[in-house]
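The values are calculated or read from the model by the stated rules, or taken from the named source; none is laboratory data. Keep in mind that this is a model prediction, so the values were computed, not measured. Here the Cβ positions follow ideal geometry from the backbone for every residue, glycine too, while neighbour counts run over all protein chains shown. Ligands, DNA and RNA are stripped out before the accessible areas are found, and what is left, the full protein with its side chains, is counted by its heavy atoms. Shrake-Rupley method; radii C 1.70, N 1.55, O 1.52, S 1.80 Å.
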Amino acid sequence: MAPPRPPRAAAGGHAGDRLFAAVLTALGGAVLLVVGVVVLELYRVAQPALAKGGLRFLLDRDWDPVLGSFGALPFVYGTLVTSGVALLVAVPVSVGLALFLSEMGPPRLRPIVSFLIETLAAIPSVVYGLWGLFVVVPLLRDHVEPALGRALGFLPLFRGAPIGLGYLAAGLLLAIMILPTISSVTSEVLKTVPSSLREGALALGATRWEAIRLAVLPYARPGILGAVLLGLGRALGETMAVTMVIGNAPEISASLFAPGYSLPAVIANEFAEASGALHLGALAGLALVLFGLALVMNSAARLLVRLVARGGRAAA
Amino acid sequence: MMKTLRLAALLALAALGSARADSLLITGAGATFPFPLYSKWFSDYNKLKPELRFNYQSIGSGGGIQQITARTVDFGASDAPLTDEELAKAPGLQHVPTVLGAVVVTYQAPVADLRLTPETLAALFLGEITRWNDPRLAKDNPGAKLPDVPVTIVHRSDGSGTTAIFTDYLAKVSPAWKSKVGAGKSVKWPAGLGAKGNEGVTGLVKQTPGALGYVELAYATQNKLAMASLKNHDGHFVRPSLAATSAAAAGVDVPPDYRVSITDARGADAYPIASFTYLLVYRDQQDKAKGEALVHFLWWAVHDGQHTAPGLDYAPLPKPVVAQLEKTLASITVQGKPVSLATSR
């Protein structure tokens, strides 16, 4: 197509801009509408369970579909504990990897490592689950958990029979799954750190490590936090991989070796054959709780990423 | 551009129209367990009656019950009969048992032929027996060398008909199980680990020393899993098999609506954890062509279809149940009139 003449293009551009804006506004509104409809529908389906339990639904720890008694606490606990373990393991590794990619690594190695990390993100979660079940779980059961029990058994965290499946296995698997998210966002954030900061620190006689610790990391801290929260968001909602290695027992246990359960896993497991309005309602209630958790985490991440972007622009 | 679109739409409509003219589509949804057999039946039957096509979605028994209750499909399928509450929402729904399934206890321990009494099985799943060298297990297995390793119980984590049958059996044979846990597609397990699907339970049992779980007989046979013999109602230890499963159905008085639990059945050869799987159709069919086709198909399924079942590891219906089903199918009406089954006979 031949380019139209400039004056017509300008006039057409204005009309086009208005149309474009209207279309985008409609799309944005549609997203809000869909989210609203989802929440309303979940609330409607969850009514029988919420009406029966009220706030007790959130705080009760008994989940017995036969007796019709439903409490969300074991699942909330399992979701938070596995996500917490995942963050504890993934954050230091991811930040280290990001530093390697943006600060320290040999330039010829960086793209290869970065490509490999991004490949981790592309592996489907069911594959992670199978790998977890057949590789991670036996490893934990036969070697890691007995050793942890001997060394740190005085803590309730590392007591109990080493069965392999449980919070620890799910947390470790989640750590590997959220590692690409955190490390790639963090390395992008580190790239926004002005090189004048590094040069200044080095000029004052700081070592490489001191420059990173005193100049680069403090500057990038809010952005790294945003990356961590994005990873947490993924960890909270992960279903398949977690249900395959967590043991699926709706119990609350202080030990990381014990089997537990998570919100997405129980919804996926019991939804298809849920019998009766109360059971279905309880599952919808769990979905609402999960939705709330994810919403809070994602909003926090958005806010922080926006803050760091503004900070980066102001400094540049 | 618009012209092309319009043409394409017209062509699509024409294709749909012609497809509707010379073939009849019957839709169904429900249980996953009999899906391999049903798809074989549908393709076999399609060869007999090319004008008839089936579309079956194996979305689970719960989904099948919901869909047939809402009348969005022509038939439903469920591994467990409807409860009174569910049936009240779908008046006029007929259960048609098609084949039988069984649940076997599979395990991972150096014991060749594990034998279990109902009491021991319940104690295991209640978490009361925690080691393989427990005296109760030793009493069931005289002469066997039972290792001193912990028992890891593995159960289904997803709601399933298999769990419903298994817990129904445990609730029948163990008062403690009945009062503490009860029966259902999802229950509050007193012990053990949950795994998703037959394949999840198998995977976990296979790689956990000392594990014990339950799976479908068909699944266990195809994957050559170790299966325990169970002591039945008459006091005999029975190895899981198709014949022993059919024998369980023969040992029960089947009521006219076929809603019956056949776990812990009488009969010397009866395997104690067995169940019918059902197709669900309305007793009065609204659509003439579909209704007649459906009744003819059901007649074929409970007669000729039974020969295909053992090859796919499903237990065929015993003869008395087939005889009873002939009367039931003859009583199904299409727009108020009975269907002539003369051609089927």
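The table that follows gives values for the structure above.
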read-out: Accessible surface of A:Glu103 - all protein chains present, 1.4 Å probe, nearest 10 Å²; value: 20 Å²
read-out: Length gained when the stretch B:Ala144-B:Asp304 is fully extended (0.36 nm per residue, less Cα-Cα span); value: 53.2 nm
read-out: By accessible area with a 1.4 Å probe, ligands and nucleic acids excluded, highest first: order of A:Tyr43, B:Tyr107, A:Tyr219; value: A:Tyr43, A:Tyr219, B:Tyr107
read-out: At R0 = 51 Å, FRET efficiency that the Cβ-Cβ distance of A:Leu303 and B:Lys288 yields, to 0.05; value: 0.20
read-out: Relative contact order [Cα under 8 Å, 6+ residues apart], chain B, whole percent; value: 21 percent
read-out: Solvent-accessible surface (1.4 angstrom probe) belonging to A:Met240, in square angstrom, nearest 10; value: 60 Å²
read-out: Where only alpha carbons of the range A:56-315 are counted, the Rg and the Dmax (Å); value: 20.7, 71
read-out: Sequence-distant lysines (8 or more away, or on other chains) whose Cα lies within less than 16 Å of B:Lys180; value: B:Lys172, B:Lys188
read-out: In nm, spacing of pseudo-spin labels at B:Phe237 and A:Glu118 (7 Å Cα→C-beta vector); value: 6.2 nm
read-out: Theoretical FRET efficiency, 1/(1+(r/R0)^6), r = Cβ-Cβ of A:Asp142 and A:Leu58, R0 56 Å, to 0.05; value: 0.90
read-out: Tensor-based shape of the range B:27-124 (alpha-carbon gyration tensor, a/c under 1.5 rounded, otherwise prolate or oblate); value: oblate
read-out: Proximal lysines relative to B:Lys145, as straight alpha-carbon distance under 28 Å, when same-chain residues fewer than 8 apart are discounted; value: B:Lys206, B:Lys224, B:Lys231
read-out: Among B:Ala138, B:Thr117, B:Val151 the positive-end extreme of the charge dipole of the range B:88-154 (Cβ point charges); value: B:Thr117
read-out: Filtered trypsin sites (Lys or Arg not before Pro), the range B:105-195: DSSP coil and at most 14 other beta carbons within 10 Å; value: B:Lys145
read-out: Residues with amide H under 5 Å from that of B:Val238, placed H, sequence gap 5 or more; value: B:Leu230, B:Lys231, B:Asn232
read-out: Relative contact order computed over the range A:56-315 (Cα-Cα under 8 Å; 6+ residues apart), in percent; value: 27 percent
read-out: Kyte-Doolittle at least -0.5, axis length at least 24 Å by Cα - qualifying DSSP helices, chain B; value: B:2-22
read-out: Charge dipole (the range A:1-132, unit charges on Cβ, about Cα centre) - positive-most of A:Gly71, A:Leu19, A:Tyr43; value: A:Leu19
read-out: Euclidean distance of C-alpha centroids, the range A:176-227 and the range B:182-253, integer Å; value: 56 Å
read-out: At least 15 Å along the helix axis (C-alpha) and Kyte average at least 0.0, DSSP helices within chain A; value: A:6-53, A:73-99, A:110-122, A:167-191, A:217-237, A:277-315
read-out: Dipole of the protein assembly as shown, positive end: most advanced residue of B:Gln67, B:Ser160, A:Val185 [Cβ charges, Cα centre]; value: A:Val185
read-out: Rounded if a/c under 1.5, otherwise prolate or oblate - the range A:243-298, Cα gyration tensor axes; value: oblate
read-out: Range of Cα positions in chain B per principal axis (Å), largest first; value: 77, 53, 36
read-out: For the protein assembly as shown, size of Cβ-based charge dipole, Lys and Arg +1, Asp and Glu -1, in debye; value: 1820 debye
read-out: Qualifying lysines (Cα of each under 23 Å from Cα of B:Lys327; at least 8 residues distant if same chain); value: B:Lys288, B:Lys290, B:Lys319, B:Lys337
read-out: Computed accessible area, A:Phe134, all protein chains, 1.4 angstrom probe, square angstrom; value: 110 Å²
read-out: Rounded if a/c under 1.5, otherwise prolate or oblate - the protein assembly as shown, Cα gyration tensor axes; value: oblate
